[in-house]
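Asks: The structure follows.
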Amino acid sequence: MFASSVQFLKYSAKVILFAAFVAGGASEVMGQAQSNAADLRGYVRDQQGAVVTNATVTARNAATNTLRSATTNGEGFYEFVNLPPGDYDLTVEAQSFKKALLPAVKLTIGQRADLDVTLEAVCSDHVDRRPRQWQADWPGAHHGIELRRSAWPFKSGPGRWRGQH
C-alpha cells in the first residue's frame, strides 16, 4: 500500500491531525452545550467533619420557583448539573440534623460552584446533665429520684421550697 516509509509517515501524520481536529471540535461543541448553564456541587458534613449520607439537597430557583433535588452519596457528596443561571435558595435536610438554609446562591453561565454545607445535630434527649452535687441539694435526691430541668423546685425563701410554708 505504501511505497516507502516516508509516505507511511505522511499518511499517519494526516490521520493523527484529522483525529485531533475531530476530537477538538467535539469537545468544543460539548463545551458550548454546557456554556449556558451552571453546575453546583459540594459535600455535606456535620460539625465534627463527618460526612452526612442520604441528606436531601434542594435548589430552588428564586426567579422561576423551580426545584431540583439531589441526595448525598456515601461520601456526603451532592451535585447539580446544568442548572440555569440565577439565584438559588439551597436547603439541606437530613435525619437527626437541623434543616440548613442557604439563601441567594448566585450561579452564572458556565460556572462550576463548589458549596460545602455543615449541618448541626439535633439533640433530642432530655437528660439532666447537671453535676450530682448540684442535684443532691433537692430533698428527694437521697432517694435516687432524678429531676428533669423543667421539674426543678426553686426555693421561694431561705430554707423553703416552693409550695411549702
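The values are calculated or read from the model by the stated rules, or taken from the named source; none is laboratory data. Remember, it's a predicted structure, so these values are computed and weren't measured experimentally. We place every Cβ from the backbone using ideal geometry, glycine too, and count neighbours over all the protein chains shown.
Asks: Does region 79-100 include one or more residues that are outside any strand (DSSP E or B), closer than 30 Å to Ala37 by Cα, at pLDDT 95 or above and among the polar types (S, T, N, Q)?
Replies: The answer is no; no qualifying residue exists.
Asks: Under 9 Å by Cβ, and 6 or more places apart or on different chains, what pairs join a residue from region 101-129 that is more than 19 Å from Pro85 (Cα to Cα) and surrounded by fewer than 10 Cβ atoms within 10 Å (Cβ to Cβ) with one that is modelled with pLDDT of 90 or more and among the small types (Gly, Ala, Ser)?
Replies: What qualifies is Ser124/Ser96.
Asks: With respect to Asp89, is the statement that it is closer than 23 Å to Gly49 by Cα, touching a strand residue (DSSP E or B) at 6+ places or on another chain (Cβ under 6 Å) and acidic (Asp, Glu) true?
Replies: Working: closer than 23 Å to Gly49 by Cα: no; touching a strand residue (DSSP E or B) at 6+ places or on another chain (Cβ under 6 Å): yes; acidic (Asp, Glu): yes.
It is false that Asp89 is closer than 23 Å to Gly49 by Cα, touching a strand residue (DSSP E or B) at 6+ places or on another chain (Cβ under 6 Å) and acidic (Asp, Glu).
Asks: Please go through (1) more than 21 Å from Asn36 (Cα to Cα); (2) more than 15 Å from the chain's Cα centre (by Cα) for Val57 and return the number of the only condition it doesn't satisfy.
Replies: Result: Val57 passes all but (2).
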